[in-house]
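Please treat every number below as a calculation from the coordinates, not as lab data. Treat the numbers as computed from the prediction; the structure is a model and nothing was measured. In this analysis, Cβ positions are derived from the backbone assuming ideal geometry, glycine residues included, and neighbour counts consider all displayed protein chains.
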Amino acid sequence: MQYRSIIKEEWDKALEQMLSSHDVFASVSNEFGQDYEHIKPANISGITYNKPKPATSLKNFFLPVRENVTGKRTSEKPRIIIGIPNCDIEGLSLLDDIYLDKDFNDPFYRKRRENTLLVASDCFGIAEHCHCLSYGINPWSSRIADLAVVSMDGKIIFRIISGKGEDFIRNIPVSGLPVEKELLIAVEKEHSATESLLSEANKGLPDYKETGRIVREARKETWEKYSARCVSCGACATICPTCTCFLLIDKPGFEKIKQLDACQYPGFERVAGGEDGLYELHTRFRNRYMCKYVWKPQKFQPVACTGCGRCIEACIGKINKNELFMELV
């Protein structure tokens, strides 16, 4: 990996200059928590680096909750998204498998992907429900993103991951400088410390493959027990970086609206004749876990849950999927 650095004040100035030609979004912390914000000159200094994690998943930038897929499109500025945790970056790889399929690709998704520079953020420390490492995902990015960023010792350090990222570094107003060996060693120490925290916090949590076996073999009584607190709000699927189900709704004037859907909603699988294979709450509840840990890995890629923990945090019923898995080990 190549590394380049820039003084943070110079980076902030470079970002401000980019605002006229790019839409810049970044992770920002305030009294309400941490989430992505549209960056303006006034909030550049508030960009958060290396702290897990934005409340909203990266998915929302590429798959809007609701959009008209037949309406006229306006040209959009190139986008830069800064401060993306690796759990979201890895989630995007699954979305790419689905929406950039060579035979059935989504042109709107493709355009957004091509129009976006992804700047990941190495996680230094963990949030309460982070468990990416249990599923073989590092808390720092080395693929899919274009750049990864570290803020340390008054400098912004970039790890160059893609050709697009290399072009970006080459063209920023202040050319990136090589990174001192001491800083690289400090970054590696932070990586190791974060991995140790993740390992300690998730002792007893089965890995991804073992979780798939547990989910397949779990008895009906388990699903009934854990789904008893589920209110079918769909928050778990909506906040998830890899859940992508949607409806196509016909509107007058031959318009079609693409709208996010969730398998936890009542009626999700109801068909015109009135039959509904997921009518019972516990079957809808089980369906989500089968999708995440069994069916999607069979069809697309090995991991369809990236361990971000947002579904646990968003659940109104306070259902912790990791407690379910550890109970069944």
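Some observations on this one:
- Viscosity 1.567 mPa s, temperature 4 °C, Stokes-Einstein D of the chain from Kirkwood C-alpha radius, µm²/s: 61 µm²/s
- Candidates per chymotrypsin sites (Phe, Trp or Tyr not before Pro) in segment 16-86, loop by DSSP, up to 11 other Cβ within 10 Å: Phe32
- Against the chain, whose longest principal axis is taken from its Cα atoms, helix 86-99 shows a tilt of about 60°.
- In terms of other Cβ atoms within 10 Å, Ser75, Ser192 run from fewest to most in the order Ser75, Ser192.
- Antiparallel DSSP beta bridges within the chain, as percent of all bridges there, nearest 5: 70 percent
- With only the Cα atoms considered, segment 208-328 has a convex hull volume of 127 Å³ per residue.
- For the pair Glu67 and Ile185, the difference between a 0.36 nm per residue extended length and the Cα-Cα distance amounts to 37.9 nm.
- Long pairs among Lys72/Lys111; Lys164/Lys292; Lys292/Lys321, criterion Cα-Cα beyond 21 Å: Lys164/Lys292
- For segment 236-279, the Kirkwood hydrodynamic radius comes to 12.0 Å, computed from all pairs of different C-alpha atoms.
- Centre separation in Å (Cα based) which lies between segment 5-73 and segment 136-201: 18 Å
- With the helix formula -39500 (n - 2.57) applied to DSSP H stretches of n ≥ 4, the chain reaches a computed 222 nm mean residue ellipticity of -10000 deg cm²/dmol.
- The per residue volume of the convex hull around the alpha-carbon atoms of segment 1-66 is 143 Å³.
- Two-site label geometry, Ala193 and Trp295: point separation in nm, points 7 Å out along Cα→Cβ: 4.3 nm
- Cα extents for segment 184-249 along the principal axes, largest to smallest and rounded to whole angstrom: 50, 36, 22.
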